[in-house]
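All remarks here apply to the structure that follows.
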Amino acid sequence: KLQNLQFSMGLSGPIPDFLSRLKRLTSLDLSTNSFTGSIPPTLGQLTSLTYLDLSKNKLTGSIPESLGRLTRLDQLLLYINRLTGPIPASLSHLTNASKIDFRVNRLTGSIPASFGSFNNPNMLLFLAGNQLSGPVPSSLGQAKVNL
């Protein structure tokens, strides 16, 4: 009954697909490795997760829409990677999040207008170091946004 998994040992290669079979995980920390390739969309099947940290890797590609299914997430940390493309609108379903950190990637486009219906008035949103454009949606309200 594995609930917490942390690998921060300089691992490389793609993020293993088998992780999506660990349905009872509440915390997955793969930060500070050298993982390459894209974030497996199958991680969206880990609906018990409250903490997902894939920061400080060499991940490429876009943020999977499927991460929007992780509605129990408190923290989604994807900073210091090489992620590209827009922020998926599906992440607006992460209403329980207190911290979303996408700093220092290569994300483009605008912040989705739907992105901001967060329950936590002290929500922290870190987006600096990307190529985002457009206004900050008023829907973010009280959230503390770092651009």
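Read-outs: derived from the displayed coordinates by stated rules, not from any lab. Source: prediction; values computed, not measured. Positions of Cβ are generated from backbone atoms using ideal geometry, with glycine treated the same way; all protein chains shown enter the neighbour counts.
Neighbours of Thr60, meaning other residues whose beta-carbon lies under 15 angstrom from its beta-carbon, give a summed charge of +4 when Lys and Arg score +1 and Asp and Glu score -1.
Find the relative contact order for the range 1-119 and round it to a whole percent, using C-alpha pairs within less than 8 Å whose residues are 6+ positions apart.
It comes to 20 percent, rounded to a whole number.
With 0.36 nm allotted per residue and the present C-alpha distance subtracted, the Ala89-Leu124 stretch has 10.9 nm of extension available. Close amide H pairs (under 5 Å, H built 1.01 Å from N) link Thr26 with Asn4, residues at least 5 positions away or on another chain. Around the amide H of Phe126, modelled in the peptide plane, lie the amide H atoms of Ile100, Asp101, Phe102, Asn146, all under 5 Å away and 5 or more residues distant in sequence or on another chain.
Shape class for the range 1-131: oblate, because the ratio a/c of the largest to smallest gyration tensor axis (alpha-carbon atoms, square roots of eigenvalues) is 1.5 or more and b/c is at least a/b. Roughly how far apart, in whole Å, are the Cα centres of the range 59-82 and the range 16-31? After rounding, the separation between the Cα centres reads 13 Å.
Distant-in-sequence amide contacts of Phe35, defined by a placed amide H-H separation under 5 Å and a gap of 5 or more residues or a different chain, comprise Lys58. What does the C-alpha gyration tensor say about the overall shape of the range 1-41? Classify as rounded when a/c is under 1.5, otherwise prolate if a/b is larger than b/c, or oblate. Cα axes put the range 1-41 in the oblate bin. DSSP beta bridges in the range 4-146, what fraction antiparallel, as a percent rounded to 5? Bridges in the range 4-146 are about 0 percent antiparallel. Neighbours of Ala97 by Cβ distance under 11 Å: Lys/Arg scored +1, Asp/Glu scored -1, total 0.
Taking the Cβ of Gly129 as the center, what net charge do the other residues with Cβ under 14 Å away carry, scoring Lys and Arg +1 and Asp and Glu -1? Value of the local net charge: +3.
Backbone phi angles across the range 78-88, fed through the Karplus curve with coefficients 6.51, -1.76 and 1.60 (θ = phi - 60°), yield HN-Hα couplings of 10, 5, 6, 9, 10, 6, 10, x, x, 6, x Hz in residue order; Gly and Pro are listed as x. Taking the range 78-121 and a reference point 7 angstrom along Cα→Cβ of Ser138, the backbone N atoms nearer than 18 Å belong to 111-118. Across the range 66-147, Cα pairs under 8 Å and at least six residues apart give a relative contact order of 28 percent. For the pair the range 88-113 and the range 116-147, the centres of their Cα atoms are 8 angstrom apart.
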